[in-house]
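What follows is a single structure, written as structure tokens, with notes after it.
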Amino acid sequence: PDQSLVTWSHVTYALHAVGLALGAFGAASVVGSFLFGWPSIIAVIVSYIYRGDARGSWLESHFDWQIRTFWFALLFAAVVALVSAPLVLLLGLGLATWIIGMGALGLWAIYRIARGWVRLSNREAMPD
């Protein structure tokens, strides 16, 4: 594949990593920064833009991986919020389920971005 596509894939992983780091070391949460921070939003847009150019190459799997990571994280965060909200009213357990769910989601997002970036650096495709 074109070397510029490899570079763009590195850029998108870097943007996602910046979003995660801003959440870990800043005032926002890891999940909040990853899903709603500018670095990750820009990264997912860039992934959509360059995925078509990478079609048929091993790089396509990386752009797909980054896109799926973002949307699955958003979906999981919504599910955690929907489960936690009624538990606050009914059992007072909502805060605990929210903390555990968002903590697990943050670790999952860090794992996905790190795993993808390592495989990209090794010029390996991501598994389906």
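Quick look at the numbers
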{"quantity": "Qualifying residues in segment 114-123 (those that are more than 15 Å from the chain's Cα centre (by Cα) and surrounded by 15 or more Cβ atoms within 10 Å (Cβ to Cβ)) - the one farthest from Ser9 (Cα to Cα)", "calculated": "Arg119"}
{"quantity": "Any hit, segment 36-49, residues being farther than 25 Å from Pro127 by Cα and either at pLDDT 95 or above or open to solvent by 50 Å² or more (accessible area, probe 1.4 Å) (or both)", "calculated": "yes"}
{"quantity": "Residues located in segment 25-58, provided they are under 13 Å from Leu15 (Cβ atoms) and not in a helix (DSSP H, G or I)", "calculated": "Gly37"}
{"quantity": "Every pair of residues 6+ apart whose Cβ atoms lie under 7 Å, when the first sits in segment 64-78 and is within 19 Å of Ile100 (Cα to Cα) and open to solvent by 40 Å² or more (accessible area, probe 1.4 Å) while the second is among the hydrophobic types (A, V, I, L, M, F, W, C) and in a helix (DSSP H, G or I)", "calculated": "Leu74/Leu35; Phe76/Leu105"}
{"quantity": "Enumeration of residues in segment 80-113 that are touching a residue at least 24 places away in the same chain (Cβ under 8 Å) and either within 21 Å of Trp8 (Cβ to Cβ) or small (Gly, Ala, Ser) (or both)", "calculated": "Gly101, Gly106, Ala109, Arg112, Ile113"}
{"quantity": "From Ser9, Ser33, Ser29, residue being at pLDDT below 85, open to solvent by less than 50 Å² (accessible area, probe 1.4 Å) and either touching a Pro at 6+ places or on another chain (Cβ under 9 Å) or among the hydroxyl-bearing types (Ser, Thr, Tyr) (or both)", "calculated": "Ser33"}
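The values are calculated or read from the model by the stated rules, or taken from the named source; none is laboratory data. Just so it is clear, the structure is predicted and the values come from calculations on it, not from any experiment. In this analysis, Cβ positions are derived from the backbone assuming ideal geometry, glycine residues included, and neighbour counts consider all displayed protein chains. Accessible surface is based on the protein model in full, side chains and every heavy atom, while ligands, DNA and RNA are left aside. Shrake-Rupley method; radii C 1.70, N 1.55, O 1.52, S 1.80 Å.
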